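The values are calculated or read from the model by the stated rules, or taken from the named source; none is laboratory data. From a predicted model like this one, the values you see are computed outputs, not experimental measurements. Virtual Cβ from ideal backbone geometry, glycine too; neighbours counted across all protein chains shown. In case anyone asks, the SASA skips ligands and DNA or RNA and just uses the protein heavy atoms, side chains included. Shrake-Rupley method; radii C 1.70, N 1.55, O 1.52, S 1.80 Å.
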Amino acid sequence: MSALLSARGLTMQFRGLLAVNAVDVDVAAGSVHGIIGPNGAGKTTFFNLISGLLRPTSGSLTLDGQDVTALPPYARTRMGLARTFQNIRMFSDMSVLENVMTGMHTRLKAPGWSALLRLPGFRAEEREARAQAMELLEFVGLADKADGRSGSLAYGEQRRLEIARALASRPRLLLLDEPAAGMNPAETRELAVLLKQLGQRDVTLLLVEHDMGFVMDLCDRITVLNFGRKIAEGGPRDIRNDSSVIEAYLGSKVAERLAKAHGA
Amino acid sequence: MAEWLDDFLFTYENLIHALGIHGLLALSMYCVMALGQLSLGQAAFMGLGAYTGALLTLKLGLPFWLVLPISALVPALVALVIGGPTLRLNGVYLAISTIALGEVLRVLYINAESLTGGALGLSGIPQKASLWLVYGLLAVCIAGFWAIGRSRIGRAMEAMREDEMAAGVMGVNLPLYKLGALIASAMLAGLAGSLAAHSNSFIGPNEYGFEAAVTILSFALLGGIGTPIAPVIGAFVLTALPELLRPLADFRLVFNGLIIVLAVLFLPRGIVPFRLRRAP
């Protein structure tokens, strides 16, 4: 499998703080790739670098072989990148359906004057967009709320709407920033089922998540960050047994004791 | 035409003109505020349109159908030039820099005496802006904003207003939209300015300063920006009120200020709080 996204020596320095320090990551096309690490490890900064909300201090990013290091977020969206946010960013006053249709922005091509004159081409495109948006809402289980105000949705529903909105641009790579945060175990299970179905839509997933069970269950490959550095990478099984990962999460003393216990 | 209507139009002609022109100004404010931007340059663009229109009519004697589009084009060019540097700014900083534009132009009008008549302004502008023209343009503009609002462009604009960062991530070209909105708003304000010049027959350098900018802002604040008709209604109310409360006319600005404060406190969505549905 070839790499859909490649980060090389990606570094982000905020004054004295190296939030992301020379990180190399390859996200294989068609995979589900997880980024984990303790709080403050630089995961969200890493995400913001990939989606273009931050420009790296140094290093480079390529998406499908093209250098995107200097591109603004909207240009990356056009190239097949989409994301959700850790603290949900809904267009709250807009309806659920309108949120998803806003996600289609880069795909709708009818020019402004055809909207102004309500030409048949424009109308057909809007009808088609609406149908596709409804389909996505059905996929995430929100079809019955399509005309409701998105800000009035329950928390878990807003998370699913964010996923539908991100999918609306037909991304090849979808970044999910803590998709299970704040969800109860039942909602988290439902979300895992939903995300597994994304593979069939040819969407590669890169996700940051704290819920280890969720990550281990879902991901093909996991990158572990600590203090901005990549400290480990591999399949779920390797990561679970990696001593430097255990140390990062639990501290060196606990890690030693665990190692002894296993050795004994 | 019925006799009473003739009488009515004769008595209130100035007011009826002003209502339509202020409606256009309110739309020009809407155009930037619908994206969540705050500009106080609408009065400056209006002044540019007014001076451009008046000078073309008075000095060159161009026909009105040619004067009007040029009066919209000149402010649009200025918006294009200042757009680059100022649209990097957000919130109050954009507002402050657009106030500066108004002040620069005011000083320019006063000092370019041979051309602009200096502090005395320009008078004797022929009254060519008919009511039909003013209200026809207003209706076309409202319909245009309505149509654009119910398309991907309208959705992108509302998305920017609600969460600019998320809108950018959805693929909305933020700088392009901001610049486009500023240019369109400058054209509308210029058009309104030229119409005003050709209906009042007099313009002066002090009509397009900070006070006018705040008045135009208050149209949109009072009316709301949920639909394009809302700021126009705000403009109608704020323009008609001083006429209805003639004894208060001297306190018009105090009144405007009071209304802005009350609207922000009690009617954050304006007196027309509905929003446009943006799905077919």
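What translational D, rounded to a whole number of µm²/s, comes out for the stretch B:211-262 from Stokes-Einstein when the hydrodynamic radius is the Kirkwood one over Cα pairs, at 25 °C and 0.890 mPa s?
Working: Rh = 10.9 Å.
After rounding, the answer is 225 µm²/s.
Based on the Kirkwood radius over alpha-carbon pairs, what value in µm²/s does the Stokes-Einstein equation return for the translational diffusion coefficient of the stretch B:119-268 at 25 °C and 0.890 mPa s?
D = 140 µm²/s.
How big, in percent, is the set of alpha carbon pairs in chain B lying more than 33 Å apart?
Values: 7328 of 39060 pairs.
The answer is 19 percent, as a whole percent.
For an R0 of 25 angstrom, estimate the FRET efficiency from the Cβ-Cβ distance between A:M212 and A:R8 and round to the nearest 0.05.
About 0.35, to the nearest 0.05.
When N counts the residues of the stretch A:1-125, how does its alpha-carbon radius of gyration compare numerically with 2.2 N^0.38 Å, as a ratio?
Computed over Cα atoms of the stretch A:1-125, the ratio equals 1.30.
Suppose R0 equals 56 Å. What FRET efficiency, 1/(1 + (r/R0)^6) with r the Cβ-Cβ distance, do B:I96 and A:I231 give to the nearest 0.05? If you can, show how the numbers build up before the last one.
Numbers: r = 47 Å, r/R0 = 0.84.
My answer for the efficiency is 0.75.
With a Förster radius of 41 Å, plug the Cβ-Cβ distance of A:R123 and B:L120 into 1/(1 + (r/R0)^6) and report the FRET value to the nearest 0.05.
0.15
Which whole-number percent is the relative contact order of chain B (Cα, under 8 Å, 6+ apart)?
Once divided by the residue count of chain B, the mean separation gives 34 percent.
Pull out the extension gain between B:Q127 and B:A143, defined as 0.36 nm times the separation in residues minus the alpha carbon to alpha carbon distance; nm, one decimal.
Length gained, B:Q127 through B:A143: 3.1 nm.
Extension gain A:K109-A:A181, at 0.36 nm per residue separation less the Cα-Cα distance, in nm?
Full extension from A:K109 to A:A181 adds 22.4 nm.
Hey, if you drop one equal point scatterer on each alpha-carbon of the stretch B:179-280 and run the Debye formula without solvent, what base-10 log of I(q)/I(0) do you get at q = 0.10, 0.14, 0.16 Å⁻¹?
-0.33, -0.64, -0.82
What ³J(HN,Hα) values, in whole Hz, does the Karplus curve 6.51 cos²θ - 1.76 cosθ + 1.60 give for the stretch B:265-275 when θ = phi - 60°, with x put for Gly and Pro?
Working through the residues one at a time gives 6, 10, 10, x, 9, x, 7, 10, x, 5, 10 Hz.
In nm², what is the average projected area of the convex hull enclosing the Cα atoms of the stretch B:104-164?
Its Cα hull, projected and averaged over all orientations, spans 7.4 nm².
In Å², what does the accessible area per residue of the protein assembly as shown work out to with a 1.4 Å probe?
Details: 24200 Å² over 544 residues.
That works out to 44 Å² per residue.
Among A:249-256, A:212-219, B:227-234, A:109-116, what's the highest-first ranking by average C-beta atoms within 10 angstrom per residue?
Going by the mean number of other Cβ atoms within 10 Å, highest first, we get B:227-234, A:212-219, A:109-116, A:249-256.
When the Kirkwood hydrodynamic radius is evaluated over all pairs of different C-alpha atoms of chain A, what value in angstrom, to one decimal, is obtained?
So the Kirkwood estimate lands at 19.6 Å.
How far apart, in nanometres, would the label points at B:L77 and A:T62 be if each is projected 7 angstrom from Cα along the Cα-to-Cβ direction?
Here the answer is 4.6 nm between the modelled labels.
Tell me: how much accessible area in total is hidden between A and B, 1.4 Å probe, Å², nearest 100?
On the way: alone 13290 and 13780 Å², together 24200 Å².
Separately minus together, A and B give about 2900 Å² buried.
How many nm is it between the label spots at A:R240 and A:K196, if each spot is 7 Å from the Cα in line with the beta carbon?
1.6 nm
How compact and how long is the stretch B:70-140, expressed as Rg and Dmax of its alpha-carbon atoms in Å?
Final numbers for Rg and Dmax: 16.1, 41 Å.
List the trypsin sites (Lys or Arg not before Pro) within the stretch A:1-87 that fall in a DSSP loop (any state other than H, G, I, E or B) and whose Cβ has at most 14 other Cβ atoms within 10 Å. Walk me through the intermediate numbers first.
On the way: sites: A:R8, A:R15, A:K43, A:R76, A:R78, A:R83; in loops: A:R15.
Here the trypsin sites (Lys or Arg not before Pro) that fit, given the DSSP loop and packing criteria, are A:R15.
Which whole-angstrom value gives the distance between the alpha carbon centres of the stretch B:103-149 and the stretch A:128-207?
50 Å
At a 1.4 Å probe, what is the % contribution of carbon and sulfur to the accessible area of the protein assembly as shown?
Numbers: 14850 of 24200 Å².
Roughly 61 percent, rounded to a whole number.
Quick one: plug the Kirkwood hydrodynamic radius of the stretch A:79-225 (C-alpha pairs) into Stokes-Einstein at 25 °C, 0.890 mPa s, and report D in µm²/s. Write down the numbers at each step before the final one.
On the way: Rh = 16.0 Å.
Estimated via Stokes-Einstein, D reaches 153 µm²/s.
Would you give the gap between the C-alpha center of the stretch A:214-264 and the C-alpha center of the stretch B:207-280, rounded to a whole Å?
About 61 Å separates the Cα centre of the stretch A:214-264 from the one of the stretch B:207-280.
If I model a spin label as a point 7 Å beyond the Cα along the Cα-Cβ vector, how far apart are those points for B:I271 and B:E243 in nm?
Distance between label points: 1.4 nm.
From the phi angles alone, apply the Karplus equation (6.51, -1.76, 1.60; θ = phi - 60°) to the stretch A:111-118 and give each ³J(HN,Hα) in whole Hz, x where the residue is Gly or Pro.
Whole-Hz 3J(HN,Hα) from phi for the stretch A:111-118: x, x, 5, 6, 6, 4, 9, 6.
Need one number for the stretch B:1-106: average projected area of the convex hull over its C-alpha atoms, nm².
Across all orientations, the stretch B:1-106 yields a mean hull projection of 8.9 nm².
Can you list residues whose amide H is under 5 Å from A:G37's amide H, if they're 5+ apart or on another chain and H is modeled 1.01 Å from N?
A:L225
Contact order normalised by length for chain A, with contacts defined as Cα pairs under 8 Å and 6 or more residues apart; what percent is it? Kindly include the intermediate steps, with their values, before the conclusion.
Details: 463 pairs, mean separation 68.0, N = 264.
Reported relative contact order: 26 percent.
Calculate I(q)/I(0) for the stretch A:91-152 by the Debye formula, one identical point scatterer on each C-alpha and no solvent, and give its log10 at q = 0.11, 0.16 Å⁻¹ to two decimals.
Each listed q corresponds, in turn, to -0.27, -0.54.
Mind listing the Cα extents of the protein assembly as shown along all three principal axes, in Å, largest one first?
Principal extents (Cα only, largest first): 104, 49, 42 Å.
So what is the relative contact order of the stretch A:91-152, in percent, for Cα pairs below 8 Å that sit 6 or more residues apart? Each step should come with its number before you reach the end.
Working: 51 pairs, mean separation 36.8, N = 62.
In percent, rounded to a whole number, it is 59.
How long is the stretch A:146-204 along each principal axis, judged by its Cα atoms, biggest number first, in Å?
Extents along the principal axes, in whole Å: 31, 27, 18.
Lys and Arg at +1, Asp and Glu at -1: add these up for the other residues within a Cβ distance under 14 Å of A:T45 and post the number.
+4
Kindly tabulate the residues in the stretch B:128-149 with an accessible-area decrease of at least 50 Å² between the chain alone and the assembly of all protein chains, using a probe of 1.4 Å.
Listed by number, the residues meeting the 50 Å² cut-off are B:A147.
Applying the Karplus parametrisation 6.51 cos²θ - 1.76 cosθ + 1.60 with θ = phi - 60° to the phi angles of the stretch A:157-166, what ³J(HN,Hα) value in whole Hz is obtained for each residue in order, glycine and proline being reported as x?
Result, rounded to whole Hz: 5, 4, 4, 5, 5, 4, 5, 4, 5, 5.
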